[in-house]
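Any read-out appearing in this document is the output of simple, stated calculations on the displayed coordinates, not a laboratory observation. Just so it is clear, the model here is predicted, and its values are computed rather than measured. Glycine gets a Cβ as well: all are built from the backbone with ideal geometry, and neighbour counts include every protein chain shown.
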Amino acid sequence: MPFCSPAQGQSLHLAYFSPESSGGLADYAREQARALSAAGARVSFLTAPSVAAAVAHQHPKPELRPILAEVPSSSPTRHPWARRARSLGWILGNMRRLADWIQQEQVKCVLLGAYMEYFAPLWAPRFRRLAASGVVFGSVVHDPVRQTRLGPLWWQRHSIASAYGFLSEAFVHDPIELDTVRPVASLQTTVIPHGPYQFPGAVLSRETVRQQLRIPADGCLMLAFGHLRDAKNLDLVLHAMTSNANAYLLVAGKELSATQRPAGYYQELAARLGVADRCSWRIGFVPEGELGNFFEASDLVLLTYNGEFRSASGVLNVAVQYRKPCLASAGAGNLKTSVAKYGLGVWIKPDDASALAQGLSNWRQVSRPADWIGYERDNSWERNAALVLQRFSLRHAGAASRVQLR
């Protein structure tokens, strides 16, 4: 896909909004911003100060603009409204900083690293005015089916409509008709690939790591990597282990928030089920130097999402690098499409403990080899960036023409 430069041959100036400091959304934003820069765009990467070090080593790297507030602490609190107040302050503050920066720099193309509707009726009106003045807004819609609800249903629906109302471009990872609540005549939806992540390789041998974790040579080590989320069905995995005596589990990642089950819940469940001695826990941030070791030691990567999950999986795009098959479930979407098309693992019925146990027992019997090379060919960050820039370039040229006609 060739890069389409904007009118008059000038380099496209794209503001990239990425408020997350860590996790899958932050990783995606950094890789996409790098690819957009490599494709020839001038990218101003608006993010929190703590992200600067992670982006500084990239080449070519975007222009860092660390003007956003850091993500509020997720420390538990007795008062849910206190958590919501902190989140509200963080979101409103960052959206105000983004709008101020757009006006100050007179930038005309803005990409939101992730669609977000939380409290949108409070912050979206200013962005509607900016859009009316000629600013082109796009967003990567990682989670096209919105599940998390803050407040009553009417407020959620109003929030979703508000957050879509000023967008011209929506970038998704699998074909879908977005539920925008109210029609958005100008909104164009474009399917883009989710590129694989690149992390350092293992520094220890598979045998050494497995010995450290006390995994027998013939044991099947499952890796559950990333944030602990209820939607990943880790409780069902523990139940499945009771009928698979050769199954071992390594959980490596951070607790997500006080609204999700903590690691202690799963550890207590493992003890009650009698599988605790086959579980290893690395709760917290996983350094890149250890990540490769964990994947090298593992046999299967767990992507056992519930049926409401309709998104792409960042963990799948880590597993691709290490050539590790997955045991996966989810609703219809990019994850299911990718696993089926390229044979990247075993697909099972979501939210079904018996199906999970059967998949764990039979995963070695899959005869089709995984097409890792085909996946990487079709799902590159370069293609991702080319598609995004093509859409912004067309919008930018159209907006410039309308201004000249006035």
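How large is the dipole of the chain about the Cα centre if only Lys and Arg carry +1 and Asp and Glu carry -1, each at its Cβ, rounded to the nearest 20 debye? Before the final figure, lay out each step's value.
Working: 43 positive and 31 negative charges, 214 e Å.
Here the size comes out at about 1020 debye.
Modelled this way, with points 7 Å down the Cα-to-C-beta line, the labels at Thr259 and Lys341 are 3.1 nm from one another. Modelled spin-label separation between Trp154 and His227, with each label point placed 7 Å from Cα along the Cα-to-Cβ direction: 3.0 nm.
Where in the stretch 301-333 does the label zone of Asp179 land, with the point 7 angstrom along Cα→C-beta and an amide N cut-off under 13 Å? Under cut-off, by backbone N: 308-310.
Mean Kyte-Doolittle hydropathy of -1.0 or higher plus an axial Cα length of 27 Å or more: which whole DSSP H helices in the chain meet both? Mind dumping the intermediate values first?
Values: long enough: 80-105 (37 Å, -0.70); 381-405 (36 Å, -0.11).
Helices passing the filter in the chain: 80-105, 381-405.
Checking the Cα-Cα distances for Lys108/Lys232; Lys61/Lys341; Lys254/Lys336; Lys254/Lys324; Lys108/Lys324 against a 30 Å cut-off, the pairs over it are Lys108/Lys232; Lys61/Lys341; Lys108/Lys324.
The label point for Ser186 and the one for Arg96, both projected 7 Å from the Cα toward the Cβ, are 2.5 nm apart.
What the Cβ-Cβ distance of Ser205 and Gln390 gives, at R0 = 51 Å and to the nearest 0.05, is a FRET efficiency of 0.70. Considering only Ala370, Gly89, Ala170, and ranking their Cα positions along the charge dipole of the chain that arises from unit charges at the beta-carbon of Lys, Arg, Asp and Glu, the one farthest toward the positive end is Gly89.
Since only Gly284, Ala245, Ile348 are under comparison, the one whose Cα sits farthest along the positive direction of the charge dipole of the stretch 206-378, derived from C-beta charges on Lys, Arg, Asp and Glu, is Ile348.
For the stretch 145-210, a crude dipole built from +1 on the beta carbon of Lys and Arg and -1 on the beta carbon of Asp and Glu, taken about the Cα centre, is about 260 debye to the nearest 20.
If R₀ is 60 angstrom, what is the calculated FRET efficiency for the pair Lys349 and Gln103, using the beta carbon separation as r and rounding to 0.05?
Numbers: r = 50 Å, r/R0 = 0.84.
Step by step, r from the Cβ atoms, then E = 0.75.
With a cut-off of 17 Å on the backbone N, the residues of the stretch 105-126 near the modelled label site 7 Å out from Ile67 along Cα-Cβ are 105-113, 126.
Each of Pro325, Gln156, Gln260 was placed along the dipole of the chain (beta-carbon charges, centred on the mean Cα), and the one lying farthest toward the positive end is Gln156. Look at (i) 1.02; (ii) 0.98; (iii) 1.07: the one that is Rg/Rh (Cα atoms, Kirkwood Rh) derived from this structure is (ii). Computed over neighbours whose Cβ is under 14 Å from that of Arg96, the net charge equals +2, Lys and Arg +1, Asp and Glu -1. In the chain, helical runs assigned H by DSSP with n ≥ 4 each contribute -39500 (n - 2.57); averaged across all residues and rounded to the nearest 500, the mean residue ellipticity at 222 nm is -12500 deg cm²/dmol. Its Cα centre serving as origin, the stretch 206-378 has a Cβ charge dipole (Lys and Arg +1, Asp and Glu -1) of approximately 180 debye.
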